[in-house]
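*Asks:* Take this structure first; my questions come after.
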Amino acid sequence: MFRNKRRNGDVQVAIKDASLIDLRGVSKAYKTDAGEFTALDGVTLQIDQGEFVSIVGKSGSGKTTLINMLTGIDRPTGGEIHVAGTAVHHLNESDTATWRGKNLGVVFQFFQLLPTLTVLENVTLPMGLCNLYTRRERIERARHLLELVGIADEADKLPSRLSGGQQQRAAIARAMANDPPIIATDEPTGNLDSHAAEAVMQLFESLVDQGKTVLMVTHDPELAERAPRTITLANGELLNEYLVRALPTLPHDLLLDATRQIETSLFAPGELIIEHNAEPDKFYVITKGDVEVVLPTPDGKEVLLDSLGPGQFFGEIALLNGGLRTALVRASHAPVEVVALSKEVFLDVIHASKETLSELADIITLRTNRLALAGSSQ
């Protein structure tokens, strides 16, 4: 969320205290010989300034389509796309190109540097197309960016004389030419060796440190983990990211089924979420705030067993082991938001994944032992 103003050519852009990227029910369908294919289905998503977000999912899940929607390369069939204060879905092709040139830097897997221009000329090109800076300023800025990405010595070479890693660095410098708030990348390390890929990832991390927002489509789980936030797509739908964090081994088809059936609830500070000795009815994942897991004692006192935050879960013990709730859970000193699965949905999806069921069994053992230890100490 920007706090200053940034000048794009002769347009003064006021940055508001709102999500930098805001998608609302975005859908995209394509007509094919086999009929209509839905690439995105009702995606709602908010991303703030300064976030580093990886976008993952199986082939055909909608990752590239999502990036194309965000960058205005393609247009949605339905829904709204707001980026940097602009309703992108309302722009015509000419306005979209102008807007994209000033607000987004796009880095492709295959670099897409113009082969007949030098590296320096490739980097100055976006500035000329958007009529930003004087000719002298463009050259100075391009050289500065090439120095920033570590290939200043290659400025006067044609792209064909650079290695794959150097070409990708040049593409990143070009993407930053107009000082856009957002860098969008689609498999940016897919054609690089591990050393070059690491250098590119460090570049992205440094851009985030400078306040840029970086969106990275990747199929590589290790690279995805480098981003503090991961968005997962399945069959064109967005999986609940907190549910993914809580149950990472659950297959995407089961996560999608669960995402479609979650319920969101808000609790005031100190409000009870789970009662001691109650019948188990839901599985909870925290999305905002913190909760306290407490064991009531026979003399009316309480033992604090744990404090849990976003991405962590509770309520699984009685659901899987049977019996009544063994502890109470309440919101801490700030409001708490949770997503919940009903008992029936939770048991259906968990019992469909042996790996997830095994992992939960290990967690239940640890938590049950903690409960027993706390109870025996009273």
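The values are calculated or read from the model by the stated rules, or taken from the named source; none is laboratory data. Keep in mind that what you see is a predicted model, and the values were worked out from it rather than measured. As a convention, Cβ positions derive from the backbone with ideal geometry for all residues, glycine included, and neighbour counts pool all protein chains shown.
*Asks:* Test of understanding: among T232, T259, which residue is surrounded by 13 or more Cβ atoms within 10 Å (Cβ to Cβ), of a type in the set (S, T, N, Q) and in the same structural domain as G311 (by TED's automatic domain parsing)?
*Replies:* Working: T232 fails: in the same structural domain as G311 (by TED's automatic domain parsing).
None of the other options fit; the residue is T259.
*Asks:* Please count how many residues of the range 200-212 are in contact with a helix residue (DSSP H, G or I) (Cβ under 9 Å, 6 or more places away or on another chain) and crowded, with 17+ Cβ neighbours inside 10 Å. Before you say what the answer is, go through the steps one by one.
*Replies:* Filtering the range 200-212 for residues in contact with a helix residue (DSSP H, G or I) (Cβ under 9 Å, 6 or more places away or on another chain) gives 200-201, 203-207, 212.
Next cut, crowded, with 17+ Cβ neighbours inside 10 Å only: 200-201, 203-204, 207, 212.
So the count comes out to 6.
*Asks:* Scan the strands (runs of 3 or more DSSP E) fully inside the range 13-96 and keep the ones with 3 or more residues being over 15 Å from the mean Cα position of the chain (by Cα).
*Replies:* Per the criteria, 21-32, 35-47, 78-83.
*Asks:* Any idea which of S27, S19, S61 is closer than 25 Å to P248 by Cα and not basic (K, R)? Steps first, answer last, please.
*Replies:* On the way: S27 fails: closer than 25 Å to P248 by Cα; S19 fails: closer than 25 Å to P248 by Cα.
It is S61.
*Asks:* A follow-up question, please. Condition (residue is closer than 17 Å to P188 by Cα, among the hydrophobic types (A, V, I, L, M, F, W, C) and either outside the structural domain of G72 (by TED's automatic domain parsing) or modelled with pLDDT under 90 (or both)) applied to the range 157-167: is it met by at least one residue?
*Replies:* First, pick out the residues of the range 157-167 that are closer than 17 Å to P188 by Cα: 159, 162-167.
Still in the list and also among the hydrophobic types (A, V, I, L, M, F, W, C): 162.
Subsequent filtering for residues that are either outside the structural domain of G72 (by TED's automatic domain parsing) or modelled with pLDDT under 90 (or both) retains none.
Among the residues of the range 157-167, not one is closer than 17 Å to P188 by Cα, among the hydrophobic types (A, V, I, L, M, F, W, C) and either outside the structural domain of G72 (by TED's automatic domain parsing) or modelled with pLDDT under 90 (or both), which makes the answer no.
*Asks:* Only one residue in L113, L117, L148 is surrounded by fewer than 15 Cβ atoms within 10 Å (Cβ to Cβ) and closer than 27 Å to Q202 by Cα. Which one?
*Replies:* Numbers: L113 fails: surrounded by fewer than 15 Cβ atoms within 10 Å (Cβ to Cβ); L148 fails: surrounded by fewer than 15 Cβ atoms within 10 Å (Cβ to Cβ).
After applying the criteria, what remains is L117.
*Asks:* Now, a different point. Look through D299, D362, D290 and report the one residue that is farther than 23 Å from R260 by Cβ, acidic (D, E) and at pLDDT below 95.
*Replies:* Numbers: D362 fails: at pLDDT below 95; D290 fails: at pLDDT below 95.
Step by step, each of D299, D362, D290 is checked, and only D299 is farther than 23 Å from R260 by Cβ, acidic (D, E) and at pLDDT below 95.
*Asks:* With respect to T134, is the statement that it is surrounded by 16 or more Cβ atoms within 10 Å (Cβ to Cβ) and assigned by TED's automatic domain parsing to the domain that holds D41 true? First the steps, then the outcome.
*Replies:* Details: surrounded by 16 or more Cβ atoms within 10 Å (Cβ to Cβ): no; assigned by TED's automatic domain parsing to the domain that holds D41: yes.
So T134 fails the test.
*Asks:* Okay, next question. Before we move on, is T232 part of a loop (DSSP other than H, G, I, E, B) and over 24 Å from A84 (Cβ atoms)?
*Replies:* On the way: part of a loop (DSSP other than H, G, I, E, B): no; over 24 Å from A84 (Cβ atoms): yes.
Against the criterion (part of a loop (DSSP other than H, G, I, E, B) and over 24 Å from A84 (Cβ atoms)), T232 does not qualify.
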